[in-house]
Amino acid sequence: MKPGHTTSTHSAASNAVPAAMTIAGSDSGGGAGIQADLKAFSALGVYGASTITALTAQNTCAVNAIHEVPAEFVRQQLETVLSDIRIDAIKIGMLANVAIIRTIAEVLSGYPDIPVVLDPVMVAKSGDALLQHEAIDALRQYLFPLATLITPNIPEAALLLNDTEAADLAGMEAQARKLTSFGSPCVLLKGGHLQSTDSTDLLLQEGILHRFTQPRIQTGNTHGTGCTLSSAIAAELAKGASVLDAVQTAEQYVHTAIVNADSLRVGAGHGPVHHFHALWQPA
């Protein structure tokens, strides 16, 4: 895998604009998942395509039902898009089960030059499980080696490592280094769950640690931040940025989306961030 490389090996037609694909679940409330990914792609000037792995009956308060898409139909979506549209980067989010994970790995192994951002989505903001427990091993085994970058948060990192949650930056760094053993060369460990006045994410790239720190915004409207960050990174990779530059741009984009989140006032629970803050504001 070549981080930041955007020329795929397939024979799809050339695009006038960079294109990225999200492989994830649908959030019927519009704040996370496929919907958040496509909004972030569009806001950052990248054409968005999608492969849907699951449908959720979801709002800002809860995930009330999940309908998993058959793995063979996931394959058909992937192969159909990749046969026609030159995809310059891929973001992977909610995957639901082992069959879907193995199917995606089989297809993407044929496209080694497309950078992949893998967000190991396991639990929704509401606390609802989004990944079958037995699928965690499959995620590590089949998809991590294909990923240019993985973007777990603190609870996800602990689950992936069968460890306790990191309580400070030193613990985060230690877990980020352990996560590289699963095959991805870059890890962005998100520190939003730490109890601190600032929020720090750690990027470990080829053994070098980079810190991204932003002041913590006092808001309950952070639904979809993880999806939005990973898709924003994929969008920047699609435009040809390096991993480090893509993460830096995406971090600032998401921070500003959180700053403007309260202006939307969507839903009664954890509302979404404002993906299009640079383009329009509520009246």
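Taken together, the values in this text are just the output of simple stated rules run on the coordinates, not laboratory data. Every value quoted in this text rests on a predicted model; they were computed, and no experiment measured them. Don't worry about glycine lacking a Cβ; one is built from the backbone with ideal geometry, like all the others, and counts go over all protein chains shown.
Using the beta-carbon distance between A65 and A99 and R0 = 22 Å, what value does 1/(1 + (r/R0)^6) give for FRET efficiency, to the nearest 0.05? Once rounded, the FRET efficiency stands at 0.70.
Rounded to whole numbers, the Karplus 3J(HN,Hα) couplings from phi for the range 222-237 are 10, 5, x, 5, x, 4, 5, 5, 5, 6, 5, 5, 4, 4, 5, 4 Hz, using 6.51 cos²θ - 1.76 cosθ + 1.60 with θ = phi - 60°, and x at Gly and Pro. Calculated mean residue ellipticity at 222 nm for the chain: -9500 deg cm²/dmol, from DSSP H runs with n ≥ 4 weighted as -39500 (n - 2.57), summed, divided by the residue count and rounded to 500.
Placing +1 on the Cβ of every Lys and Arg and -1 on the Cβ of every Asp and Glu, with no other charges, gives the chain a dipole of roughly 300 debye about its Cα centre.
Taking only the C-alpha atoms of the range 77-192, Rg followed by Dmax gives 14.3, 46 Å. Along the axis of the charge dipole computed for the chain (Cβ charges of +1 for Lys and Arg, -1 for Asp and Glu, origin at the Cα centre), the listed residues V63, L131, V266 are led at the positive end by V266. Among beta bridges from DSSP that stay inside the range 128-283, the antiparallel ones total about 80%. Each listed q (0.28, 0.29, 0.30 Å⁻¹) maps to a log10 I(q)/I(0) for the range 46-102, found by the Debye formula over equal Cα scatterers with no solvent: -1.18, -1.21, -1.25.
The Kirkwood radius of the range 216-281, taken over pairs of alpha-carbon atoms, gives through the Stokes-Einstein law at 37 °C and 0.692 mPa s a diffusion coefficient of 270 µm² s⁻¹. For D137 and D262, a Förster radius of 30 Å and the Cβ-Cβ distance give a FRET efficiency of 0.15, rounded to the nearest 0.05. Label sites at Q252 and S181, each approximated as a point 7 angstrom past Cα along Cα to Cβ, lie 3.7 nm apart.
Given R0 = 25 Å, the distance between the Cβ atoms of A167 and T197 translates into a calculated FRET efficiency of 0.95.
Based on alpha carbons, the Rg and Dmax found for the chain are 17.2, 49 Å. Mind checking the dipole of the range 124-243: about its Cα centre, +1 per Lys or Arg Cβ, -1 per Asp or Glu Cβ, Debye to the nearest 20? Roughly 240 debye, rounded to the nearest 20.
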